[in-house]
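Working notes, beginning with the structure itself.
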Amino acid sequence: MDNSHLPSQPDRRDFLTKAASIVIGGSLAIAPVVAGIGVLCDPLRRKSEVGASIRVASLNAVPEGGEPVAFPAIITLVDAWNTTPNVPVGSVYLQRLKGGSVRALNASCPHAGCSVKYRPTDKDYFCPCHNSQFKLDGQILDLKSPSPRALDELPVEIRNGTEIWVTFQRFRAGTHEKIPV
Ligand code: FES
């Protein structure tokens, strides 16, 4: 048989050595690039003030024993490059109960994240997207409501005797458990 068209053994070994060095060299060159992209994107993944305590309102803006009042949740976004103040990230319903304590509910519907509205005539919260209804304490009012859980209550603190501070947190929509995001 004529094997004159096939490369000789040394040629084949040489080819395999070169191919292996190209593959190894290429992967070594890619590793720093991937790491660099990770560093560049890192600030985008950083947490902002979400989950921190923010001043939402003054006590006299929420009448004792009165109806819930909606306030925007405004935070300062911080990453490695920028500090951006006054960024609206949601809203909160505050209600001052008899006795003076304050209840804070995240206005985002736990079903799919639409904003719930307080209805003074029905004294409940209503989500216009898929008709979930909630009591004033945030519990589900109508068992046919598609929301998997009650409205998300947020920790409240009164500072300096006049300021309402809320630990603002968003939670995953569509789950029975409150999972911070
Ligand atoms: S988003 Fe509120 S009921 Fe669907």
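Below are the figures for this structure:
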| item | result |
| --- | --- |
| Net charge over other residues, Cβ less than 15 angstrom from the Cβ of ILE164 (K, R count +1; D, E count -1) | 0 |
| For the range 101-122 versus the range 53-69, the gap between their alpha-carbon centres in whole angstrom | 15 |
| Potential lengthening between LYS178 and THR84 on full extension [0.36 nm per residue; Cα-Cα distance subtracted] | 31.1 nm |
| Heavy-atom SASA rank of ARG96, ARG172 (probe 1.4 Å, accessible area, largest first) | ARG172, ARG96 |
| The range 91-181 - accessible surface per residue (Å², probe 1.4 Å) | 52 |
| Charge dipole (debye, nearest 20) of the range 53-167; +1 at Cβ of Lys and Arg, -1 at Cβ of Asp and Glu | 180 |
| Nearest-10 value in Å² for the accessible area of PHE126, using the 1.4 Å probe | 50 |
| Entries in LYS98/LYS178; LYS98/LYS135; LYS98/LYS123 that, when Cα-Cα distance is taken, lie over 20 Å | LYS98/LYS178 |
| Carbon + sulfur, % of accessible area of the range 63-181 - ligands and nucleic acids excluded, 1.4 Å | 53 |
| GLU177 accessible area, assembled protein chains, probe 1.4 Å, Å² | 110 |
| Extension gain, ASP122 back to GLU163 (0.36 nm per residue minus Cα-Cα distance, nm) | 11.9 nm |
| For HIS130, solvent-accessible area (1.4 Å; no DNA, RNA or ligand), Å² | 90 |
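The values are calculated or read from the model by the stated rules, or taken from the named source; none is laboratory data. Keep in mind the model is a prediction, meaning the values are calculated, not measured. Cβ atoms come from the backbone with ideal geometry, glycine included; neighbour counts cover every protein chain shown. All accessible areas refer to the heavy atoms of the entire protein, side chains included, with ligands and DNA or RNA removed. Shrake-Rupley method; radii C 1.70, N 1.55, O 1.52, S 1.80 Å.
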